[in-house]
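This report refers to the structure that appears directly beneath it.
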Amino acid sequence: MDKIVHFGLFGCTVLLLCLGYYRRHGFISKLTFTFFAISAAFYGLAIEYIQKYFAIQRSFDMADVAADTIGAIAGILAFKLIRKWWLR
């Protein structure tokens with residue numbers, strides 16, 4: 001269940017970033033998609049390191065980072081579908 005939450009949170013975050021950027025600029029380049037995905041992945045990794053070293057009774061879990069990254073990629077794919085079907 002925890003991994004589904006990570007997937008959903010990061011997917012929604014990147015989807016909303018893409019929607020906001022698209023509405024403001026009217027386009028999104030592949031570089032911007034890449035930037036959003038990499039930023040989300042590094043943010044997830046940073047959260048895991050913070051949990052490991054600064055939070056009491058929390059641990060580092062690479063599976064959480066993987067779920068965050070896959071969720072970010074899914075957010076981009078969801079945006080592409082939304083753009084294709086509804087944002088013409």
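Quick notes on this structure:
- Within the assembled protein chains, the solvent-accessible surface assigned to Lys80 is about 90 Å², based on a 1.4 Å probe.
- Largest accessible area first, the residues Met62, Met1 order themselves as Met1, Met62 under a 1.4 Å probe with ligands, DNA and RNA left out.
- About its Cα centre, the dipole of the chain is roughly 600 debye, where the only charges are +1 on Lys and Arg Cβ and -1 on Asp and Glu Cβ.
- Over all directions, the projected convex hull of the C-alpha atoms in the chain averages 6.1 nm² in area.
- Of the residues Leu77, Leu15, ranked by 1.4 Å probe accessible area with the largest first, the sequence reads Leu77, Leu15.
- Bridgeable lysines around Lys30 (alpha carbons under 20 Å apart, same-chain partners fewer than 8 residues away excluded): Lys80, Lys84.
- Relative counts (whole %) of C-alpha pair distances in region 49-88, using bins that are 5 Å wide: 6, 22, 14, 14, 12, 10, 9, 7, 6, 1
- Loop-located chymotrypsin sites (Phe, Trp or Tyr not before Pro) in the chain whose Cβ has at most 10 other Cβ within 10 Å (DSSP): Phe27, Trp86
The values are calculated or read from the model by the stated rules, or taken from the named source; none is laboratory data. It should be emphasised that the depicted structure is a prediction, and the values quoted were computed from it without experimental measurement. Counting neighbours? That spans all protein chains shown, and the Cβs are built from the backbone with ideal geometry, glycine included. Only protein heavy atoms, including side chains, enter the accessible area calculation; ligands, DNA and RNA are left aside. Shrake-Rupley method; radii C 1.70, N 1.55, O 1.52, S 1.80 Å.
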